[in-house]
1. Here is a check on your reading of the model: is Tyr76 within 21 Å of Pro28 (Cβ to Cβ) and surrounded by 15 or more Cβ atoms within 10 Å (Cβ to Cβ)?
2. Here is a list: Asp335, Asp284, Asp307. Which entry is without any contact (Cβ under 8 Å) to a residue 60 or more places away in the chain and either charged (D, E, K, R) or surrounded by fewer than 21 Cβ atoms within 10 Å (Cβ to Cβ) (or both)?
3. Is the range 91-108 home to any residue that is aromatic (Phe, Trp, Tyr), within 30 Å of Phe45 (Cβ to Cβ) and under 40 Å from the mean Cα position of the chain (by Cα)?
4. Among the residues of the range 37-68, count how many are surrounded by fewer than 17 Cβ atoms within 10 Å (Cβ to Cβ) and more than 25 Å from Arg107 (Cα to Cα).
5. Given the condition of a type in the set (A, V, I, L, M, F, W, C), at pLDDT 85 or above and part of a helix (DSSP H, G or I), answer yes or no: does some residue in the range 367-383 qualify?
6. If you go through the range 264-278 one residue at a time, do you hit one that is within 23 Å of Pro342 (Cα to Cα) and buried (at least 21 other Cβ atoms within 10 Å of the Cβ)?
7. Can you pull out the residues in the range 550-601 that are among the small types (Gly, Ala, Ser) and under 18 Å from Ile509 (Cβ atoms)?
8. Can you tell me which of (1) modelled with pLDDT under 85; (2) part of a helix (DSSP H, G or I); (3) not small (Gly, Ala, Ser) is the one Asp318 doesn't meet?
Amino acid sequence: MSEYINNCFCCGYYLVPRYKRLVNNIFPQNPEHGLDRNNLERLRFYALVKPEKLDKSFRYMSQRIARYLRHRNKPYVILGIKAMDDTMKSCYQQLNTFVDHYLETLRLVLNEGNDLELIEHAVASFESFCEIREEAPNYQRNYQFFVSRFTQLCYNNDEVNRNKLRCLGLRGHHALFRKTANDELQNDAWKHMDQIVPSIIFNIEKREQPRTQQSATTITTTTTVSPEDVVIINETIIQEDPSLLADMILRDLFCRAHSNNNISICIQPILNDLDKYAKWIPYDFPKYIFSQIMNSIKHHNSYVVIDLLLNHLDKHLDIRERTNIKTSVMNVIHDCLVFTAPNTGVGSTMLDGITRLLEFIQKSFQNEMQRSRTSSKDQNEQQFQSAVINGIEDFAEKLPDFQMMEIIKCIAASLPTFHQDAEEKTKYSSDAKLKFQLLLLKTIQKIILNKHSLQSTLTKSSKVTTKYESEQSNEITSTLTTFPHQLFDPLIKMMSTPESEVRLIVFEILQVLVDRRCYADKLCKIRILKDISELDLPTERKRSRLFDIAFMKKFGHQFHSQLYKCILIENNTKKSFYAIYCLMSLVTLEANDQDVLVDVIHFCLEVQSAIIKMMNEDQQKLSKNNYHCIHALIAAYFNLMSKFYDITALSRYVDEVSLW
């Protein structure tokens, strides 16, 4: 029927179905007058009374809009979209009966080139549709066209309306995953993240440089974004700036990604995009992206992001041309680790991540040694190694003491030894292994020293004697808890390693772990004192700690055995003897037990007997300098203990020998 018959009072008027007449009546003769609200209300009422006619009503309305599109009659197309939108909101309970016609109409409108006005009304209507919560499942509905079209808009380069069209594309993406992300009744949008996420990242990257510097946030903040707090439609400032809008959408996306699988689906396109377009360098942009991600996801999912980054780093590990890239990736992992430490702490997964980082360092040393044979030193590899170590150190320093000890144990378990068979010697260079060993030991040392200095600062500020107290009782933490066997065994074994530099670092680590009363600074030199007060040590006897005594009785033989071998090594230096003297004194003073003191004295006498026998038999295992250093070390130890514990006979004997 023609519109003329529809609008006249002839007999043909009643031959037109009523739903068509109601649809026809909402369109005015002059589109500038807008929709006929009275007739629109009649159409709504009719749809509510006879819901079975909704399908035909929307099909007919879709046909009219399609005809207007063909005739380039844009005002009537806009009126048709508004009418469909209003009717849909009124009849949302029967959405599945007419949604196909509605979505088909939006497809037709969105396909009309880059007409800003039409696209704007279509996206606004799509957002209204996506706000409707559906109770009936619809797994056959396909949003592939909308994802592709919105992605095209996100990359639009129109000189006049570029920002507006990009914002419309982002709004479409946002509406789609807000509707389907966590709705089990919908065909979810997670499978389209390979298109959605890169378009979001592209628009964030287009942020102007000054604004980037102002709005870039450090990853140490812990602000999270909840889906209910994200409001973008009514904020005109955000609508006009695609970079700000993309930033907010990215945070909302990861806020809604609750499962590990969804987080992985979203992260992987980001990593691929950064690789494809070489955006890892400079490091500021990936740092900003992952800071937003870490601030948005749930804290217990932080390890998922780190694990994905570690997997990605592994792909670049052996490619020489990508050394700068893997350093940048490691810097991002560093920031993620620092964020994770105070929020989630250390679990088995994080320990696996630390172990993988240590393996990466070892591979890096091997690659560096292989390349050094054909070319000069690779500075990029050294930068990568420093980045890994800095990440582990900063992560450990943010942890409580007991969790920090887990990280140290993990590092200690990765320490290489020099007693491999011939096959391993050909596989790994001893130089690379030594450098790796020194690096790990220095890492342990730095972690412990930084924690120790922090606790000393806190103690001084509160004017409390330096000691660790348990929460249930005021007992001082025992050496048995300070030295778990996973940490003690590798350190003790390395006390007799042939490399003097390694031994010195091991002694310094043991000193810091044993020293809980800050004695080490006062015992760092070998001296024969006439008066114990010169050291300013507390002279009052402290009660014995059973755990410390049990520790020495359990591990004392192993400790003395390795220390015996260490003292007799030829390449010991003056610093080595100072460190040995300090460690022996600290162990005795901290245990504060007569049995422990007697065992160490017997140990010293055995060492003296051994070196005297060696010199008498003209065995050239020790230089005269080391021979005298060992005697001076033992004399200083006897002098200290005799005066500290007020053993008069021993003190008098030491004084006589030293004068002689």
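The values are calculated or read from the model by the stated rules, or taken from the named source; none is laboratory data. Keep in mind it's a predicted model, so treat the numbers as computed, not measured. Please note: Cβ atoms are built from the backbone with ideal geometry, for glycine as well, and neighbour counts cover all protein chains shown.
1. Details: within 21 Å of Pro28 (Cβ to Cβ): yes; surrounded by 15 or more Cβ atoms within 10 Å (Cβ to Cβ): yes.
Yes: the conditions hold for Tyr76.
2. Working: Asp335 fails: without any contact (Cβ under 8 Å) to a residue 60 or more places away in the chain; Asp284 fails: without any contact (Cβ under 8 Å) to a residue 60 or more places away in the chain.
Sole residue among the options that is without any contact (Cβ under 8 Å) to a residue 60 or more places away in the chain and either charged (D, E, K, R) or surrounded by fewer than 21 Cβ atoms within 10 Å (Cβ to Cβ) (or both): Asp307.
3. Initially, the range 91-108 is screened for residues aromatic (Phe, Trp, Tyr), giving 92, 98, 102.
If we keep only those that are within 30 Å of Phe45 (Cβ to Cβ) as well, we get 92, 98, 102.
Then keep just the ones that are under 40 Å from the mean Cα position of the chain (by Cα); that gives none.
No, the range 91-108 contains no residue that is aromatic (Phe, Trp, Tyr), within 30 Å of Phe45 (Cβ to Cβ) and under 40 Å from the mean Cα position of the chain (by Cα).
4. 8
5. no
6. yes
7. First, pick out the residues of the range 550-601 that are among the small types (Gly, Ala, Ser): 550, 556, 561, 576, 579, 585, 591.
The answer is Ser576, Ala579, Ser585.
8. (2)
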